[in-house]
Amino acid sequence: MISTFGAEAVRYARGLSDLDAVVTTIDRIADAFLEAVKRRHAGRPFYAMVLFDDPRIAFGYAFGEAILATEPDYDRRRLLIDQLTRGTLVVDAGRVDGLWKIDSMVEGVVTEFYALADAALVRSYAEAARVNAMFARVTPRRPLPPLVRILAAADVPQPVRVRPELPGVVVWGPHRPAIHAALHLHGMAEFFGEVTCVSAGGPLPGRTTARFCLPTDPVVDEALARASAVVCVDPSDPSEAVAFARRGYGVVAPLTAGAHEFCDVVTWDALNARFLHTAAAVALSRPARVREEPPPVPSAPAAPERPPFVTFEQLPLVSIVTPTYNRRQFLREMLTCLAVQTYPNLEAVVVNDGGEPVDDIVAEFPFARLIDVRPNAGALRAVERGIAEARGEYIGLLPDDDWLYPDHVERLMNAMFRSGAKIAHGAALLRFVRRDGKGGWQTYGFNNRTFSLTNMPTDALITSQIGGHQMLVHKSVYATLGGYLLDSDVSDNEIHMRFTRHHFYAFCDHVTAEFRDHAGGQGRVCDFPAALSEIYRTYHPTPDRPLLNRTRQSTIEHIAARPAGEPPFAMSVSLASSQPPA
Amino acid sequence: MISSFGPKASAYVQRLGDLEAIVTDAQFIGQAYREAVRRRELGESFYGLVCVDDRRLGFAYAFGAEMVAQIPDYDARCDALERFAAGSLIVNGKRADELWVSDRSLEHVCTEFLWLCDAVLVRSFEEYARVEGWFARDPLLRPMRPVEPILAPSAVPVVERVRPDRPGLVVWGPDWPAAAAALPLHGLAEFHGELTCVTAGGPLPSYSQATFLTADDPALASALGRAAAVVCIDPSDPSDAVAFARQGFGVVAPFCSGAHEFADNVVPCDPLEAKQLFTAAAVAITRPASVRAEPPRPPRAPMRPERPAFVDPQTLPLVTIITPTYNRRDDLERMLSCLAAQTYPNLESVVVNDGGEAVDDIVAKFPFARLVNKRPNAGTARAQLTGFEHARGEYIGLLPDDDWLYPDHVDRLMNAMFRSGAKVVHGAGLLRYLKRLDTGAWMTAGFNATTFCQTLVASDALVTSSIGGHQTLIHRSVYEDVGWYLLDSDISDNEWHIRGTQRYVYAFVDAVTTEFRDHAGGQGKNLDLSVAMRQVYAELHPRPDRPVLEQMREHTAAYVAKRVRGVYPFPPTLEIHF
């Protein structure tokens, strides 16, 4: 099923056959994000697609008419466009190329949205390059999601074509306001033939002899019947250009649309209006042959399968260890997460850390065992006890208030089989929840960035952001390298210092777990700087690495400077205003 | 047939199979260019492929080992190479990103080479973007060529894969010296597992735990068999990455190689970003890449636009080519041979002997040619007019006796006319410089495929134009409408286009179909054209309403006046020394 957010997404998705996908425009990205989390949570693979235009061209389309209108002299207008093309034009006291950036906050959310999905749909490899550049700007370490190129079906008129008597060009932008074609029409000002501009209407660009019409106008068919070439306006969607190419038209399309990947169009940069005349003069006589149809896109992204050298009967037992203390409601939710895991050979070891009894809850889940510990001695000791009691070959941890998605264990185990690694981890979504005033909890934000990277040993020597429940660890690792420090506030950082020194973590780059922040910040009330210093000094001193020690020092200072009570990891998507309580 | 120039190109074409193509390393572009001209003259259809790596990666692979060796402290190395990846590291007093800038003049020769080809082959659309960048940087307004992606078969070993008991990675660069792998290996310095690096050999990069092999080492099969992922380092050729994807390996490949266009679940990365590469490897060992469907193979030779269906082949209109000649019997015969080889079937030639020695015997050899003898010698423009008066064709072309048309010229231009409804159409002209040897023979001394390779907008024509008469075909009604060339101007071509462009769109066949042959050491060597230009500007086409345009005219006339006599006004792009 395709979920669409935003009018352009709704229109575009009409050209797609049935797919498991979330398609959104940038202005609706928060809603799309929520839908993506919902699907992730249900363990349903899906594609993500964000419809956005190259910001340089978007700017040119939006303001081209206004820029042209400032200059009454035709020759000076031509020079103006040269400056616009190069980005040197000064608008509002700033160079215009300073204005055609996407807001970096928005880019951050877009990359986090893509990273929630199993794969990203792109309309062309030119779009893939834009997405790649965005990831490089925002989170250079985070790999791109798998990229799958899709070509939507497009519905363009099919008039019977006649032998033209004079050169005819149709400027085709039926989904955009007429003024978006202002630069095109400027570029065609000296084209002495028939120029017809098809747009969604609105105020018309000035200073042109072109004829304007809406896509529904009957003259569109007549103009297309006589035309030799079509100039496609859309800067990102190649589908209509390809549809015209199939009808044997010469086609001019912006380079950013990637239509050249599917057929032999004449590309132009979409701002350099002077170039458009040349492009059109070439396209008049060069029908845009369509290469073979690209293969259809599978209806849902496929997760990696279990490798053939592991049979079902051989699947090792996985133990998930959960310390719990007086959170009966959360415990049931957590055990339900385990009950829906698709991996078939799983046990839960629940360690009741001196809290109220939970025997009745654990009894509901046949794969779960309960260990009662009294008196309360802290989560780390409970975890140690649980690991000791675990029967599984692989061990995972799961605090009673966090969640695993249904494919978590299976994906991590497959990663382990494939790679031979003894430690695997996935990415975790940080969900901010708060009381809704009616006894329930309400989600008010997300962050899909902080817990979504793997650790290099050098990085781990400073600090780590891989939570215990993101990982599965072969029990031999605990046996040889030891478990968590029992009396440190940063024992989850410390353990990575040891583990990364001996093991390469396989990273399943996929959100399979959730941190649920109930407290308005992951930070427990404790003295992190002191705890970190102690670890650095006592357990993992690095006297031979002066640069590393400097980074350690500045990290401690940075943490110490954090205002108390603020979430250490900021929200990327805030639902506070836009969403009713869930 | 594939012609290849340079070691990389030659190795690559071994795998390509049969195609009409010229494949070259950028450094060998001069030879490839001449081969392209040769094929063009024969009217052949062929692809061009220039093997060129991303500048940044090319630089890093060449000098990475040296940089790594200079920084023994690991943390300092990480820091420096991080800045190198961002381009901000200072190397020999310069920012790194100033060192990997492209060589514009080499790029321009490459661009002209591709203009000579019918279509461009690219190994990926990432490569298309690189090549398109050359065209975009050029000040000329000429579009990129038609493009066909091609995926070469690859010869990577097929191995029996076993269940790994610890993470294994193979860094794959069998065509590169071992030193080229230095920076990718730096990114994997903290990888704990089995690390094998396959290269062509040579001095090894320092500070790496990897085991180095060459591709023919018997130990390779077992290393690959145990490996979960392969890190391909080639910056431009995706074929090995795709072949590993087909075997179900996890694959890391540079984004600029475009491997992600052919295989699903490849982890694209920037091999200079050490942390990104480390992360990509951690992902790839868990994620098998796969190939969804083979991309279609491009046709054996580039396809030309066919005659449109609405044109009846029985009624193709007659085209007249007018040639004034004056005492150049050899050239005239060569020119008429060009016309004889035209593939367009309905053609006549009107040769106007402008008061020179007799050429009746030559013209008689060509049944499609008629001779008009005119006396006394009265200049080219008048001779052309005489030719026009004798022309029977519906479409008219002009051809000086010493210039050439390629065999597909008339056919391509007429098809363009049919398709577009245009009444004026032109192709691109290659400028060939000839020098006379002491023996009296003419030798090619250089080429330029830029100057006469652009179309014309009315505003530009008001200043100057560079479309030669023999590049165009024009419907006779256009001459009837706007008139003939000035008979006594040195820039009658330019002047006519001022009139022509104000009423007609020129359809542009973006292919080299003609040749200007410069025997004189520069077109218009001994003329001061600025006088003629100013006369045309002021007396025939004054535009007081367009002050900016008048300024450009003045600049242009002043520039032309300053030209040194006897020096090529349009410099050769490619000079041939002999």
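The listed residues are A:V156, A:V160, A:V170, and the only one of them that is part of a loop (DSSP other than H, G, I, E, B), within 14 Å of chain B (Cβ to nearest Cβ) and in contact (Cβ under 8 Å) with a residue 60 or more places away in the chain turns out to be A:V160. Considering B:A422, B:A449, B:A428, B:A416, the condition of being touching a Cys at 6+ places or on another chain (Cβ under 8 Å) and either crowded, with 20+ Cβ neighbours inside 10 Å or facing another protein chain (nearest Cβ under 8 Å) (or both) is satisfied by B:A428 alone. B:S530 meets all of the listed conditions (1) away from chain A (no Cβ under 14 Å); (2) among the polar types (S, T, N, Q); (3) out of contact with any strand residue (DSSP E or B) (no Cβ under 6 Å at 6 or more places or on another chain); (4) buried (at least 21 other Cβ atoms within 10 Å of the Cβ) but one, namely (4). Of all the numbered requirements in (1) surrounded by fewer than 24 Cβ atoms within 10 Å (Cβ to Cβ); (2) more than 26 Å from B:D528 (Cβ to Cβ); (3) under 27 Å from the mean Cα position of the chain (by Cα); (4) of a type outside the set (A, V, I, L, M), B:T513 misses one, and that requirement is (1).
A:A241 fulfils the conditions (1) surrounded by 24 or more Cβ atoms within 10 Å (Cβ to Cβ); (2) away from chain B (no Cβ under 12 Å); (3) out of contact with any helix residue (DSSP H, G or I) (no Cβ under 6 Å at 6 or more places or on another chain) except for a single criterion, (3).
Among the residues of the range B:41-81, the one identified as of a type in the set (A, V, I, L, M), in a helix (DSSP H, G or I) and within 24 Å of B:L114 (Cα to Cα) is B:L57. Do you know which residues across the range A:1-15 are farther than 15 Å from A:P301 by Cα and touching a strand residue (DSSP E or B) at 6+ places or on another chain (Cβ under 7 Å)? Matches in the range A:1-15: A:S3, A:T4, A:F5, A:G6, A:E8, A:A9, A:V10, A:Y12, A:A13. Is it the case that the range A:314-326 has a residue that's modelled with pLDDT of 90 or more and in a helix (DSSP H, G or I)? Within the range A:314-326 (the criterion being modelled with pLDDT of 90 or more and in a helix (DSSP H, G or I)), the answer is no, since none of the residues qualifies. The set of residues in the range A:73-99 being without any contact (Cβ under 8 Å) to a residue 60 or more places away in the chain and assigned to a helix (DSSP H, G or I) consists of A:D75, A:R76, A:L79, A:L80, A:Q83, A:R86, A:V96, A:D97, A:G98.
Residue count for the range B:194-221 satisfying the condition of being without any contact (Cβ under 8 Å) to a residue 40 or more places away in the chain and either surrounded by fewer than 23 Cβ atoms within 10 Å (Cβ to Cβ) or hydrophobic (A, V, I, L, M, F, W, C) (or both): 19.
Being within 14 Å of chain B (Cβ to nearest Cβ) and either crowded, with 24+ Cβ neighbours inside 10 Å or assigned to a loop (DSSP other than H, G, I, E, B) (or both) is a property that A:V231 has.
Results for (1) surrounded by 20 or more Cβ atoms within 10 Å (Cβ to Cβ); (2) within 30 Å of B:A32 (Cα to Cα); (3) within 14 Å of chain A (Cβ to nearest Cβ), shown as yes or no for each residue.
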position	(1), (2), (3)
B:S477	no, no, yes
B:F508	yes, yes, yes
B:H555	no, no, yes
B:A558	no, no, no
B:V564	no, no, no
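Of the residues making up the range A:403-440, those that are touching a Pro at 6+ places or on another chain (Cβ under 6 Å) and either in a helix (DSSP H, G or I) or without any contact (Cβ under 8 Å) to a residue 12 or more places away in the chain (or both) number 5. For the range A:102-129, the set of residues classified as of a type in the set (G, A, S), part of a helix (DSSP H, G or I) and either buried (at least 23 other Cβ atoms within 10 Å of the Cβ) or within 11 Å of another protein chain (Cβ to nearest Cβ) (or both) consists of A:A115, A:A126, A:A128, A:A129, listed by residue number. If you go through the range B:240-254 one residue at a time, do you hit one that is facing chain A (nearest Cβ under 8 Å) and closer than 20 Å to A:V297 by Cβ? No, there is no match, as no residue in the range B:240-254 is facing chain A (nearest Cβ under 8 Å) and closer than 20 Å to A:V297 by Cβ.
Checked against the criterion of being over 25 Å from B:G248 (Cα atoms), in contact with a Phe, Trp or Tyr (Cβ under 9 Å, 6 or more places away or on another chain) and touching a residue at least 12 places away in the same chain (Cβ under 8 Å), the range B:160-172 contains not a single residue that satisfies it.
The requirement of being in contact (Cβ under 8 Å) with a residue 60 or more places away in the chain, buried (at least 17 other Cβ atoms within 10 Å of the Cβ) and not in a loop (DSSP other than H, G, I, E, B) is fulfilled somewhere in the range B:336-345, by at least one residue. Counting the residues of the range B:271-299 that are part of a loop (DSSP other than H, G, I, E, B), buried (at least 17 other Cβ atoms within 10 Å of the Cβ) and either more than 7 Å from chain A (Cβ to nearest Cβ) or at positive phi (or both) gives 5.
Taking the range B:189-219 as the range and being within 18 Å of B:L81 (Cβ to Cβ) and charged (D, E, K, R) as the test, only B:E190 passes. The residue that is modelled with the lowest pLDDT, counting only those in the range A:13-42 that are surrounded by fewer than 17 Cβ atoms within 10 Å (Cβ to Cβ) and not in a helix (DSSP H, G or I), is A:A42. The residue that is nearest to the other protein chains (Cβ to nearest Cβ), among those in the range A:246-266 that are closer than 30 Å to A:Q83 by Cα and out of contact with any Ser or Thr (no Cβ under 9 Å at 6 or more places or on another chain), is A:D264. With respect to the stated conditions, A:V282 is hydrophobic (A, V, I, L, M, F, W, C), facing chain B (nearest Cβ under 7 Å) and surrounded by 18 or more Cβ atoms within 10 Å (Cβ to Cβ).
Screening the range B:101-211 for strands (runs of 3 or more DSSP E) wholly inside it with 1 or more residues that are within 11 Å of chain A (Cβ to nearest Cβ) and within 30 Å of B:G30 (Cβ to Cβ) returns the ranges B:119-122, B:147-149. Just one of (1) surrounded by 23 or more Cβ atoms within 10 Å (Cβ to Cβ); (2) part of a loop (DSSP other than H, G, I, E, B) fails for A:N352. It is (2). Applying the criterion of being in contact (Cβ under 8 Å) with a residue 60 or more places away in the chain, more than 9 Å from chain A (Cβ to nearest Cβ) and part of a loop (DSSP other than H, G, I, E, B) to the residues of the range B:300-324, the residue that is farthest from B:A381 (Cα to Cα) is B:R300.
Of all the numbered requirements in (1) in a loop (DSSP other than H, G, I, E, B); (2) under 26 Å from the mean Cα position of the chain (by Cα), B:F28 misses one, and that requirement is (1). The set of residues from the range A:135-156 being under 13 Å from the mean Cα position of the chain (by Cα) and crowded, with 21+ Cβ neighbours inside 10 Å comprises A:F135, A:R142, A:P143, A:L144, A:P145, A:P146, A:L147.
The values are calculated or read from the model by the stated rules, or taken from the named source; none is laboratory data. Since the structure is predicted, the reported quantities are computational estimates derived from the model, not experimental observations. Cβ: placed from backbone, ideal geometry, glycine included. Neighbour counts: every protein chain shown.
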